[in-house]
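*Asks:* Below is the structure I would like to discuss, written out as structure tokens.
The values are calculated or read from the model by the stated rules, or taken from the named source; none is laboratory data. Please read these numbers as outputs of a predicted model, since none were measured by experiment. Methodologically, a virtual Cβ is constructed for each residue, glycine included, from the backbone with ideal geometry; neighbour enumeration extends over all protein chains shown. To get the accessible areas, we keep the full protein, side chains included, count just its heavy atoms, and leave off ligands, DNA and RNA. Shrake-Rupley method; radii C 1.70, N 1.55, O 1.52, S 1.80 Å.
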Amino acid sequence: MKQLKTLLIAAALFLGANQTISAQAKVAHIDVQELMTTMPEMKTAQAQVKKIGETYEKEYQTLVTEYQNKMKKYESEATTVGEAVNETRAKEMQDMGQRIQQFRETAQKELQQKEMDLVKPIMDKAKNAIQKVAKAKGYQYVLDSTSGSGVILADGPNLLADVKKELGF
């Protein structure tokens, strides 16, 4: 009885392995980074982010120039004004330096958030197109073959051209 049980388990494992081998999954790949960089919406988003970044940089440079001019003025007048005025000016310069640093940090965070807000819908559109093409062609798995993504060999079909066609470019 024990041998029969062992034989049945072995047969079940053997049959299961055969079914797995015969029902291999269809796998394709796509370079998502290349797709994203060629999407017209992405180019528009990058231009918007660049413009906003330039605006922040201009504001930052204005603040820095103002800080430097005040510093020069205060340094040149330091010997002619009293100690109380110099202390007040030193505190003012310290506060101004902190505001400039805070502006820079806030600007960077806002710029990153704006970029994420602009890129997310584009990424979702690309993902939906990839899924649609993969389902239409019968693929169960689509790997991201972007350099550095962990895919060592991408020898199967590349869906990039089909996905671009789906997206209309």
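*Asks:* Being hydroxyl-bearing (S, T, Y) and over 30 Å from Q46 (Cβ atoms), is that true of even one residue in region 63-73?
*Replies:* From region 63-73, those hydroxyl-bearing (S, T, Y) are 65, 67; that's our starting set.
This time we only want the ones that are over 30 Å from Q46 (Cβ atoms), so: 67.
Within region 63-73, one or more residues are hydroxyl-bearing (S, T, Y) and over 30 Å from Q46 (Cβ atoms).
*Asks:* Just name the residue that is surrounded by the most Cβ atoms within 10 Å (Cβ to Cβ) out of those in region 88-113 that are more than 22 Å from Y56 (Cβ to Cβ) and charged (D, E, K, R). If you could, list the steps in order and put the result at the bottom.
*Replies:* Going residue by residue through region 88-113, those that are more than 22 Å from Y56 (Cβ to Cβ) are 88-94.
Retained after the next criterion (residues that are charged (D, E, K, R)): 89, 91-92.
Working: R89: 18, K91: 10, E92: 12.
Across region 88-113, the extreme among qualifying residues is R89.
*Asks:* For region 93-115, give me each residue that is within 17 Å of N69 (Cα to Cα), touching a residue at least 12 places away in the same chain (Cβ under 8 Å) and not β-branched (V, I, T).
*Replies:* Answer for region 93-115, where residues must be within 17 Å of N69 (Cα to Cα), touching a residue at least 12 places away in the same chain (Cβ under 8 Å) and not β-branched (V, I, T): M93, M96, G97, R99.
*Asks:* Can you tell me which residue within region 68-100, out of those that are assigned to a helix (DSSP H, G or I) and aliphatic (A, V, I, L, M), is farthest from the chain's Cα centre (by Cα)?
*Replies:* Initially, region 68-100 is screened for residues assigned to a helix (DSSP H, G or I), giving 68-77, 83-100.
Add one more test, that the residue is aliphatic (A, V, I, L, M), and what stays is 71, 84-85, 90, 93, 96, 100.
Details: M71: 39, A84: 50, V85: 49, A90: 41, M93: 37, M96: 33, I100: 27 Å.
Among residues in region 68-100 that are assigned to a helix (DSSP H, G or I) and aliphatic (A, V, I, L, M), the one farthest from the chain's Cα centre (by Cα) is A84.
*Asks:* Shifting gears a bit: Suppose we keep only residues that are open to solvent by less than 90 Å² (accessible area, probe 1.4 Å) and of a type outside the set (D, E, K, R) within region 114-126. Which one would you say is farthest from V163 (Cα to Cα)?
*Replies:* L118
*Asks:* Follow-up question, since we're still on this one. If you take the residues in region 21-78 that are in contact with a Leu (Cβ under 8 Å, 6 or more places away or on another chain) and among the charged types (D, E, K, R), which one is nearest to Q102 (Cα to Cα)?
*Replies:* Of everything passing the filter in region 21-78, E34 is nearest to Q102 (Cα to Cα).
*Asks:* Right, next: Which one of D162, D117 is part of a helix (DSSP H, G or I), out of contact with any helix residue (DSSP H, G or I) (no Cβ under 8 Å at 6 or more places or on another chain) and of a type outside the set (A, V, I, L, M)? Spell out the reasoning first.
*Replies:* On the way: D162 fails: out of contact with any helix residue (DSSP H, G or I) (no Cβ under 8 Å at 6 or more places or on another chain).
It is D117.
*Asks:* Still on this structure: Give the residues of region 1-34 that are among the hydrophobic types (A, V, I, L, M, F, W, C), within 40 Å of the chain's Cα centre (by Cα) and either modelled with pLDDT of 95 or more or surrounded by fewer than 10 Cβ atoms within 10 Å (Cβ to Cβ) (or both), sorted by residue number. Break it down stepwise before answering.
*Replies:* Of the residues in region 1-34, the ones among the hydrophobic types (A, V, I, L, M, F, W, C) are 1, 4, 7-15, 17, 21, 23, 25, 27-28, 30, 32.
Add one more test, that the residue is within 40 Å of the chain's Cα centre (by Cα), and what stays is 21, 23, 25, 27-28, 30, 32.
Hits for region 1-34 are I21, A23, A25.
Residue-wise test of (1) open to solvent by less than 80 Å² (accessible area, probe 1.4 Å); (2) modelled with pLDDT under 95.
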{"residue": "V49", "(1), (2)": "yes, no"}
{"residue": "I52", "(1), (2)": "yes, no"}
{"residue": "T55", "(1), (2)": "yes, no"}
{"residue": "T62", "(1), (2)": "no, no"}
{"residue": "Q68", "(1), (2)": "no, no"}
{"residue": "Y74", "(1), (2)": "yes, yes"}
{"residue": "T80", "(1), (2)": "no, yes"}
{"residue": "N86", "(1), (2)": "yes, yes"}
